[in-house]
Every structure is written in C-alpha cells, then in structure tokens.
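The values are calculated or read from the model by the stated rules, or taken from the named source; none is laboratory data. What you see is a predicted model, and the numbers here were worked out from it, not measured in a lab. Here the Cβ positions follow ideal geometry from the backbone for every residue, glycine too, while neighbour counts run over all protein chains shown.
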Amino acid sequence: MSEAVVERKVLQELEEDIQRLVEIYELERKAAFCYQCGTCSGSCPVFMAEPEYNPRKMIMSLASGTWQSFINSEVAWLCAMCHTCLERCPQRIEVSEILTEVRNILARRGILPDIIAEKLRRVMERGMSAPYSKLIDKRRARYGLPPAPVFDAEAAKLVFDIFAVNHVLAAKKAREGGGSP
Amino acid sequence: MTLKYAWFPGCWVAYRMPYVEKSDRLVMERFGIEIEEMKGATCCPEAQFMEAVDRRAWLTLAARNISIAEGMGRDILTPCPGCYETLKMARGILKEDEEMAGIVGEALKKIGVVYRGTSDTTHLAGVLYDKVGIEAIRKAIVRPLTGLRVAVHYGCHLLRPSKYLDFDDPTSPRKLDELVEATGAVSVNYMRKTMCCGGPAGVVDREIGIKILREKLYWIKKAKVDAIVVACPSCYMHMDGNQPYVEEMFEEKYSIPVLWYTELLNWAMGVDPKDLKFYHRVRIDPLLEKLGLT
C-alpha cells in the first residue's frame, strides 16, 4: 500500500469536509456513547490482517478531530465493505457508512489507490469495471451463450461529468506529479 | 407460474466467467425462469470503487440501470451479489433519503432518465429458494451427491447491510445451505462462516487479501470438507484462484476445491461436469472421482 503524503493545504481543506461529515452523522453525540468495546475492529477482516486499519480508532479520531493519523496514508481504502461493523455495533454507529463517506472526501482530494482509479477509467471507457476483452463473444459462443452485453460508456461519462468524477483522477495525478515517491 | 426477469449478468460474470453464466442459465431453463437481456446498462456500479469515490454517481448509475428494467416492466435478476447489493441498496436509499433522492433525481433529469423505483432486484439463489422452492429442486435431483461434505460461504453482499438487503438472516443465513443440501450433500458448519473472504481488500493490497483468505481456509479445513461452495464471482475468483498463494505464504496445504452453487445443482440434476467447462485452479478431479462423476 502506497503512502499518501498529504500537504498542509489539503489537510486544511479536508478539515472542513470532515467537520461537515461529523455534523451530518452527529458523530460527536454518537461517539460519546461509544464505550470502545472494539466489536467493530474485532469483527473486521481487514483489521485481523492489518492492525493499522482500526475502525474503532478511526471513528473515535473522526469525532475527536485527530483523524490526520489515518488520513496520511491510503489505509482508509482497505475497507472490504463487508459491513460487519455496521451490523454489529451495539451503539448503532454506522461505522462502514461513515468510513465510506471519508473515502468520498479523500477521493475528491485525489487520495485513492491506483486500482480504484483504474476501475473508474474502465467505466468511462467501456461502461464496466471488469477488464474488456475483444475475444469475449468467441469465448461465450463456446459455452453456447449469446454475445456479451455492451455497456453504455457514454451514459457513464455523462453521469461522471455531472458529479465531476473526472476531477478525482485529475486531483490524483496532480498530487502524485509533485515528485514525492 | 412463470417467472420473468430482466437479466443483469454484471460485467465480471459476462466478461470473465462465462461458465458461471452457462451454469446459471441451465438451472434457469430447468425451472422455467425466463430472462430478457437489459439493453444499454452500465456497470451496476461496484460499490468498492464507485460508492467509495462518489455516492451520488453510484446511486445515479444504479438508478439508471433500474430504470431500464422498469421500462421492461420487470424485476431484475442477477447472478452477482455485488450487483444485487448495489441495485437493491440504491432503491432502498432513494426511497428513504429525500435529500439524496433529490440530487439523484436532478442528475437523472439531465440525462433524460425517468426513475420510479418500481423494479426490485433479486439474486438467482433467492429466486431458487423463495420462488422455485426446495421441494421442486429436490424433485429434479437424479444423481444425489450423497457423502459430499461442503463448506458454504455466503460472502458479504448477499447479507449485509441487512438494513437494505433481504436475501436471508445476516447472522444465521440458511438459504444457500438448504439449496446445497437439496443435492444430497451435507453443509458443514464452521468458524467464521459469514466472514468476508478477503477478495475486495486483496484488490487494494494483495497480501492483506491473502491473509484474510488464510483465516477462512484455516477454519474450513478444520471442518473436514470436500469442497467450498460459493455464490459470488469475486469470492470464487479469490478463494479458488488465490489458494495456491495462501499455501505459499503460510507454507500450509489446503487444496480445497471451490464450486459454484449451481455447478453443484447441475451435477446433481444429471449434467456432465465436463459440459459445464468451469475453470478451476484447485483441481476438482479427485472430487469428481469420489462422487463417481468422471
């Protein structure tokens, strides 16, 4: 996993976004009821393999304004989106939902792994996230299957334009073009 | 009773795993489930990159896909839990979150799409269990897989978040087990049964994906099973394709075949395993031999 060195200016921009998120999810109030039982982290398949991805700490750090610790890397992107933390939190904190919103915020500042960016590009090019194959219909014919569906890349591009999803890729490029390894 | 659906194979099944689509279609034909292709769809889109990057775009593209099925007057049927989750969640969120429904509605208007939220989405395993029924499936079995012990792996996206998904009970699911047991096989309970296989984490960091898979395999092996049964293309690819790498990293031996659930149904309904032409990284020949299917 690559490190994402986040500049001071970007951190300031993130501060506003994250503050808004904390307000929307009433996280200050909700986290006050979090008794740090660790059910979220204990249920997390990623935490089991990589202790740096720690949902319990991440939620608390969002509520207490010390989120910089996990935002200085791409660690937030390790979430497998299995939503076990969301199912099991005894205080009904929407752990995986909140951490997904955090990734929305990071993406807008260009903080996202290469493979996620590549999938966005695939959707723009072919309307789908799987790698395209020119030979697919031949292969499908051997299974007696009709030709593969053609996905509507134009529609995907229009929707990406509306929400400036392209900007995510541009921001990533700009951030990484800065010369940091 | 005719069951008619708008077919959304999803890009991974359609473009990477034609054997899954073939196997599912055989089962659908067998039980009179009629499907019609959805024209002009996009990626569902996959939550891991799209919901995580921009929830508004994720919901808009999902709503657009649902609107295609609405135009056909049908509910959506998909073989992929990822597509099931996205399309089902999108409909649920747009029903309950007025602010988001407003944002998505504006975007849809700009691209000339009318979304009503009238088409639901189901996974094929759900239709087999809820509509076709275990009794009818049992009656279609001509070659019971007696003596076969399997570990059923549900994966995440059929079950969670249960606030939006209704395939089965999120903590003690039974439907896939019962479908498998209709073939005469035994579904063996094991630790970490509803845990993630690690596939999505492995997309971002391969080593983490392998470590999570090892945890699953460790407990599955302890349950002394002949095979793992899955209903998710991503779990299939990860649990089968990456098993040799778990063995390499941890210097342990697993070699547990990974089967697609309709592959098993087809075997029991008399289809020759060779005709299904599944790709298996972990060899299934010893298993077929044991079952007398070679």
- prompt: Would you call A:Val46 β-branched (Val, Ile, Thr), farther than 28 Å from B:Ile212 by Cα and either assigned to a loop (DSSP other than H, G, I, E, B) or within 19 Å of the chain's Cα centre (by Cα) (or both)?
  reply: no
- request: Under 7 Å between Cβ atoms, at least 6 apart or on separate chains: pull out the pairs that start in the range A:126-146 with a residue that is more than 7 Å from every other protein chain (Cβ to nearest Cβ) and end on any residue that is assigned to a loop (DSSP other than H, G, I, E, B).
  value: A:Arg126/A:Tyr132; A:Arg126/A:Phe151; A:Asp137/A:Pro147; A:Asp137/A:Ala148
- request: Six or more apart or on different chains, Cβ under 7 Å: which pairs go from a residue in the range A:50-78 that's in contact (Cβ under 8 Å) with a residue 60 or more places away in the chain to one that's acidic (Asp, Glu) and buried (at least 21 other Cβ atoms within 10 Å of the Cβ)? Could you list them?
  value: A:Leu78/B:Asp205
task: Name the one entry in B:Val20, B:Val53 that is over 30 Å from A:Arg109 (Cβ atoms) and crowded, with 22+ Cβ neighbours inside 10 Å.
output: B:Val20
query: Do we find a residue being in contact with a Ser or Thr (Cβ under 9 Å, 6 or more places away or on another chain), more than 9 Å from chain A (Cβ to nearest Cβ) and under 14 Å from A:Phe151 (Cβ atoms) anywhere in the range B:49-66?
result: yes
message: For the range B:112-127, give me each residue that is more than 15 Å from B:Met38 (Cα to Cα) and not in a loop (DSSP other than H, G, I, E, B).
response: B:His123, B:Leu124, B:Ala125, B:Gly126, B:Val127
query: Within the range B:220-237, is even one residue farther than 29 Å from B:Pro9 by Cβ, within 9 Å of chain A (Cβ to nearest Cβ) and surrounded by fewer than 24 Cβ atoms within 10 Å (Cβ to Cβ)?
result: no
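Can we say B:Pro45 is more than 24 Å from A:Ala164 (Cβ to Cβ) and either buried (at least 21 other Cβ atoms within 10 Å of the Cβ) or within 12 Å of another protein chain (Cβ to nearest Cβ) (or both)?
Details: more than 24 Å from A:Ala164 (Cβ to Cβ): no; either buried (at least 21 other Cβ atoms within 10 Å of the Cβ) or within 12 Å of another protein chain (Cβ to nearest Cβ) (or both): yes.
It is false that B:Pro45 is more than 24 Å from A:Ala164 (Cβ to Cβ) and either buried (at least 21 other Cβ atoms within 10 Å of the Cβ) or within 12 Å of another protein chain (Cβ to nearest Cβ) (or both).
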field: Out of B:Gly73, B:Gly82, sole residue that is on the phi > 0 side of the Ramachandran plot and outside the structural domain of B:Asn266 (by TED's automatic domain parsing)
entry: B:Gly73
query: What pairs can you find where one residue is in the range B:191-207 and facing another protein chain (nearest Cβ under 7 Å) and on the phi > 0 side of the Ramachandran plot, the other is buried (at least 22 other Cβ atoms within 10 Å of the Cβ) and among the small types (Gly, Ala, Ser), and their Cβ atoms are less than 8 Å apart, with a gap of 6+ or different chains?
result: B:Gly198/A:Ala49; B:Gly198/A:Ala80; B:Gly198/B:Gly209
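Out of B:Arg56, B:Arg64, report the one residue that is basic (Lys, Arg), within 30 Å of A:Leu99 (Cα to Cα), in a helix (DSSP H, G or I) and touching an Asp or Glu at 6+ places or on another chain (Cβ under 9 Å). Walk me through it before giving the result.
Working: B:Arg56 fails: touching an Asp or Glu at 6+ places or on another chain (Cβ under 9 Å).
Testing whether each residue is basic (Lys, Arg), within 30 Å of A:Leu99 (Cα to Cα), in a helix (DSSP H, G or I) and touching an Asp or Glu at 6+ places or on another chain (Cβ under 9 Å) leaves just B:Arg64.
Among helices (runs of 4 or more DSSP H) lying entirely in the range B:236-294, which contain 1 or more residues that are free of Cβ contacts under 8 Å to residues at least 60 places away in the same chain? Don't jump to the end; show me each part of the working.
Details: elements: B:243-250, B:261-268, B:273-276, B:285-291.
By residue number, B:243-250, B:273-276, B:285-291.
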statement: Residue hits (the range B:11-42; more than 8 Å from every other protein chain (Cβ to nearest Cβ) and in contact (Cβ under 8 Å) with a residue 60 or more places away in the chain) are B:Val13, B:Met17, B:Val20, B:Ser23, B:Asp24, B:Leu26, B:Val27, B:Met28, B:Arg30, B:Phe31, B:Ile33
task: Tell me, yes or no, whether the range B:86-98 has at least one residue that is assigned to a helix (DSSP H, G or I), touching a His at 6+ places or on another chain (Cβ under 6 Å) and surrounded by 24 or more Cβ atoms within 10 Å (Cβ to Cβ).
output: no
